[in-house]
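Novice: What follows is a single structure, and I will ask about it in a moment.
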Amino acid sequence: MGTDRGVNTILAIIALTLAVLAWLAGSPYEKTTRQEISPLLASLIPAPEDRLGVINLAEWIRDRKPGLRILDLRTAEEFEQFHIPTATHVPLLKLAFSDLSSPGVTVLYGANEEQTLRGVLVLRTMGITPLHYVDEGVGQWLKQIINPTLYENPSSEERTQFQSASEVAAYFGGLSRTNVPRREGFLDSTDEVLQRTMRRGCSF
Amino acid sequence: MNAPWLGIGILSVDQSLALALVIGLGFGWFLERGGLGNARKLAGQFYLTDMTVLKVMFSAIITTMLGLFWLSRLGFIDLTLVYLPPTFLLPQLLGGLVFGFGFVMGGLCPGTSCVAAASGRIDGMMLLVGMLFGIFVFNEIYPLISGFYGSTPLGQITLAEQFNLPHGLVVFAIVAMGLMAFLVAEHLESRHGS
Amino acid sequence: MNPYLAGVGIGLVLLASFVLVGRGLGASGAFSSVVASTIAGTAPEHVAGNPAYTGYLRDGSVHPLKDWLVFEIIGVTLGGLFSALLAGRLRLSIDRGTQISDRTRLFLAFGGGAIMGIGAKLARGCTSGQALTGGAMLSVGSWLFVVAAFAAGYLASPLFRRSWK
């Protein structure tokens with residue numbers, strides 16, 4: 001039993017060391033940094049009233065708003081993986097050469113804020129109006145429409161938002177969750193939310 | 001990110017089935033070597049005379065948990081591609097209670113009963129037959145209880161997310177808890193003189 | 001074998017499983033597949049419309065027993081067999097307390113197995129799938145299952161004290 005004791009002590013020391021280091025490391029994920037948009041572009045940011053939330057957009061799609069045209073600026077792979085229903089794929093590079101002459105309401109979204117705003121500038125110089133943009137991207141669509149979540153101890157503002165979100169969510173086959181604990185400093189990228197949503201659902 | 005291999009397409013499904021056999025082989029081997037094919041040894045856990053179940057199970061959890069944490073931190077495995085069992089509060093609470101009752105009654109759990117049966121123990125084989133019957137009963141009454149089965153879902157959520165604590169702190173807390181439990185277990189066993 | 005080393009061994013096997021296929025170990029799931037395919041084979045019309053069965057039969061293009069957990073549990077059984085064989089522990093026997101008969105022990109094993117089967121189905125996993133696999137992934141429900149199972153085990157232990165003496 002003497003050697004067992006020695007082995008056990010060594011195992012315990014290894015486990016404790018790795019555990020203390022884990023405590024210091026905090027997160028098992030490598031740090032990701034958020035991309036900053038260039039100051040020039042930020043100064044050209046279009047009127048805030050043209051900014052559209054994903055919930056409003058979802059309501060427009062549900063209500064079949066006449067002349068609604070949704071453009072997805074991301075890459076073909078990203079579009080293939082997931083896109084907002086009824087959206088058309090127009091890569092940013094081809095945007096200036098596409099035919100958008102028919103009247104209607106145009107809504108634009110890209111992979112991130114920067115790409116979306118660039119698209120808005122292109123369409124503005126082409127004189128396309130009315131023009132709206134969704135700068136929250138597909139991640140927010142998945143988060144708010146497909147997985148609308150009401151965090152614990154919600155403010156009245158969050159409650160109202162959740163109610164309108166879960167109404168449209170039902171139309172798009174989303175699943176509402178309530179009383180979810182808050183997590184701070186956690187930035188969900190589109191990929192993360194997508195993988196979470198599609199995580200292989202194998203049984204135990 | 002080099003793993004999981006199946007998730008990122010390095011392994012085919014057929015290869016993963018062959019691996020399942022090898023992985024199971026290792027699992028069964030260590031269960032048998034740890035003495036967990038013996039129902040009396042397992043039942044001893046509930047009478048505080050033999051703490052083998054606690055020792056094997058908790059050290060396995062600690063090993064895997066630390067391994068996953070550090071492999072992910074070092075960028076070797078993508079944890080978001082690893083299956084995380086979803087949480088359904090009430091069904092899992094009740095299921096755990098029912099399971100625990102059956103555990104102390106039968107003295108083996110589903111995995112260890114396979115090892116017990118394989119090493120020639122007739123009680124292990126009998127327990128396997130009983131388990132198949134229990135699953136059959138559950139399946140037959142499933143349409144009546146499907147509402148409860150799907151109730152109180154929290155989604156795929158970890159303790160760290162649930163209690164809004166840093167992941168690493170939860171890992172540390174579980175390891176600390178385990179090591180303390182091991183000390184208590186050694187003390188109990190030496191007191192019992194086994 | 002030192003139980004802590006056996007535990008580390010199981011932990012490393014489980015870790016390898018996560019790294020290679022992105023999922024952990026399990027046991028009760030394999031038996032669900034066995035039950036589903038047996039019942040579907042004998043009474044196909046009976047299983048239709050019951051998701052407890054059809055979930056394990058999937059779309060029918062693949063045999064329900066060609067499943068990861070089924071292969072894994074075959075491996076577990078073989079692993080136990082080899083280990084017992086090499087250690088000279090392989091022989092027909094019944095583990096029981098000294099105060100009960102073989103018949104009572106087998107009856108209790110069957111009953112305990114049946115109750116565990118129902119509990120594992122309700123909890124979506126057993127000691128392998130929930131306690132080990134979910135526990136290492138820090139799943140909330142898995143830890144709830146572990147605590148509940150051991151609490152019930154200790155609470156019910158006086159009822160079966162005689163059978164293990």
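The values are calculated or read from the model by the stated rules, or taken from the named source; none is laboratory data. None of these values were measured; they are calculated from a predicted model. Here Cβ is always computed from backbone atoms with ideal geometry, including for glycine, and neighbour counts include all displayed protein chains.
So that you can scan it fast, the table gives a plain yes or no per residue for (1) at the interface with chain C (Cβ under 7 Å from one of its Cβ atoms); (2) touching a residue at least 12 places away in the same chain (Cβ under 8 Å); (3) out of contact with any strand residue (DSSP E or B) (no Cβ under 6 Å at 6 or more places or on another chain):
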| residue | (1), (2), (3) |
| --- | --- |
| B:Leu97 | yes, no, yes |
| B:Met105 | yes, no, yes |
| B:Gly111 | yes, yes, yes |
| B:Asn139 | yes, no, yes |
| B:Gly147 | no, no, yes |
| B:Gln156 | no, yes, yes |
| B:Glu161 | no, no, yes |
| B:Phe182 | no, yes, yes |
| B:Glu189 | no, yes, yes |
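Novice: Also: Please verify whether C:Gly112 is more than 19 Å from B:Gln45 (Cβ to Cβ), of a type in the set (Gly, Ala, Ser) and at the interface with another protein chain (Cβ under 7 Å from one of its Cβ atoms), treating the condition exactly as stated. Working first, answer last.
Specialist: Working: more than 19 Å from B:Gln45 (Cβ to Cβ): no; of a type in the set (Gly, Ala, Ser): yes; at the interface with another protein chain (Cβ under 7 Å from one of its Cβ atoms): yes.
Answer is no for this residue.
Novice: Can you report the number of residues in segment B:35-58 which are within 15 Å of the chain's Cα centre (by Cα) and crowded, with 24+ Cβ neighbours inside 10 Å? Steps first, please.
Specialist: Taking segment B:35-58 as the starting set, the residues that turn out to be within 15 Å of the chain's Cα centre (by Cα) are B:36, B:42, B:52-58.
Filter once more, so that each one left must be crowded, with 24+ Cβ neighbours inside 10 Å: B:36, B:42, B:53, B:55-58.
Of the residues in that region, 7 qualify.
Novice: Residue check, C:Val62 against (1) assigned to a helix (DSSP H, G or I); (2) more than 7 Å from chain B (Cβ to nearest Cβ), all met but one. Which one?
Specialist: Every listed condition holds for C:Val62 apart from (1).
Novice: Take the residues of segment B:164-180 that are within 7 Å of chain A (Cβ to nearest Cβ) and not in a helix (DSSP H, G or I): which is surrounded by the fewest Cβ atoms within 10 Å (Cβ to Cβ)?
Specialist: The qualifying residue surrounded by the fewest Cβ atoms within 10 Å (Cβ to Cβ) is B:Asn164.
Novice: Then there's this: Which residue, of B:Trp5, B:Trp29, is closer than 30 Å to C:Phe82 by Cα, buried (at least 24 other Cβ atoms within 10 Å of the Cβ) and either facing chain C (nearest Cβ under 7 Å) or touching a strand residue (DSSP E or B) at 6+ places or on another chain (Cβ under 6 Å) (or both)? Before the answer, list the steps.
Specialist: On the way: B:Trp5 fails: buried (at least 24 other Cβ atoms within 10 Å of the Cβ).
None of the other options fit; the residue is B:Trp29.
Novice: Tell me the helices (runs of 4 or more DSSP H) entirely within segment A:105-204 that contain at least 2 residues that are more than 29 Å from A:Lys94 (Cα to Cα) and at pLDDT 75 or above. If you could, list the steps in order and put the result at the bottom.
Specialist: Working: elements: A:113-125, A:137-141, A:156-171, A:190-198.
Hits in segment A:105-204: A:156-171.
Novice: Another question about this same structure. How many residues does segment B:69-94 contain that are over 28 Å from B:Leu6 (Cβ atoms) and surrounded by 22 or more Cβ atoms within 10 Å (Cβ to Cβ)? Explain how you work it out, then say what you get.
Specialist: Taking segment B:69-94 as the starting set, the residues that turn out to be over 28 Å from B:Leu6 (Cβ atoms) are B:89-91, B:93-94.
Subset that is surrounded by 22 or more Cβ atoms within 10 Å (Cβ to Cβ): B:91.
Qualifying residue count, segment B:69-94: 1.
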